[in-house]
Amino acid sequence: MMKTPKPKDSTSWRDSYYHKLFGLKAAKEAERVLKYFEKERPGDLRPRRAIDAIRAWAEEDRALSMKEVRTLSLDAHAAAREVTSDAAKFAAHAAGQAIGTWHVPTHALGAFGYAGRAMIAGKNNT
């Protein structure tokens, strides 16, 4: 059985079709639960900015840099620490993981995991 070789560095997979697909899927999943965060903090745009940035990059409407991705991700995760409900907290973390997909595609899995937790927490509080 032949194994697919591991990329030596990010330049061999960065901006590939599948990398952008992971980013787009992560953005959509994080946005699906963003309502929980925005309900608690309607004026706080940090998670929304992270989602919008990864979506724009995935749709080839925007370029991103590591510095920008790091800032967007850390801002979304900081927003998660400032809310009280679990649903809002997990939704903001989902956004932070979604933008992290630009740096490491498997961060998309984190976005899905947090979004699932947000949905469960949100349903338990309604």
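General observations
- Residue count for the range 49-64 satisfying the condition of being closer than 13 Å to ALA76 by Cα and free of Cβ contacts under 8 Å to residues at least 40 places away in the same chain: 2.
- You will find that of THR71, THR84, the residue that is out of contact with any Ser or Thr (no Cβ under 9 Å at 6 or more places or on another chain), β-branched (Val, Ile, Thr) and part of a helix (DSSP H, G or I) is THR71 and no other.
- Filter result (aromatic (Phe, Trp, Tyr) and surrounded by fewer than 19 Cβ atoms within 10 Å (Cβ to Cβ)) within the range 91-122: PHE112
- Given (1) of a type outside the set (Phe, Trp, Tyr); (2) more than 17 Å from GLY122 (Cα to Cα); (3) free of Cβ contacts under 8 Å to residues at least 24 places away in the same chain; (4) not in a helix (DSSP H, G or I), number of the condition HIS77 does not satisfy: (4)
- Filter result for the condition that a residue is modelled with pLDDT under 95 and either farther than 14 Å from PHE22 by Cα or part of a loop (DSSP other than H, G, I, E, B) (or both), over PRO42, PRO105, PRO47: PRO105
- Each residue in the range 54-68 was checked for being surrounded by fewer than 23 Cβ atoms within 10 Å (Cβ to Cβ), part of a helix (DSSP H, G or I) and in contact with a helix residue (DSSP H, G or I) (Cβ under 8 Å, 6 or more places away or on another chain), and 2 of them qualify.
Residue by residue, here is whether (1) buried (at least 21 other Cβ atoms within 10 Å of the Cβ); (2) in contact (Cβ under 8 Å) with a residue 24 or more places away in the chain; (3) of a type in the set (S, T, N, Q); (4) in contact with a helix residue (DSSP H, G or I) (Cβ under 8 Å, 6 or more places away or on another chain) holds:
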| position | (1), (2), (3), (4) |
| --- | --- |
| LYS8 | no, no, no, no |
| TYR18 | no, yes, no, no |
| LYS39 | no, yes, no, yes |
| PRO47 | yes, yes, no, yes |
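The values are calculated or read from the model by the stated rules, or taken from the named source; none is laboratory data. Worth saying up front: this structure is predicted, and the values here are computed from it rather than measured. Heads up, the Cβs are rebuilt from the backbone with ideal geometry, glycines too, and the neighbour counts pull from every protein chain shown.
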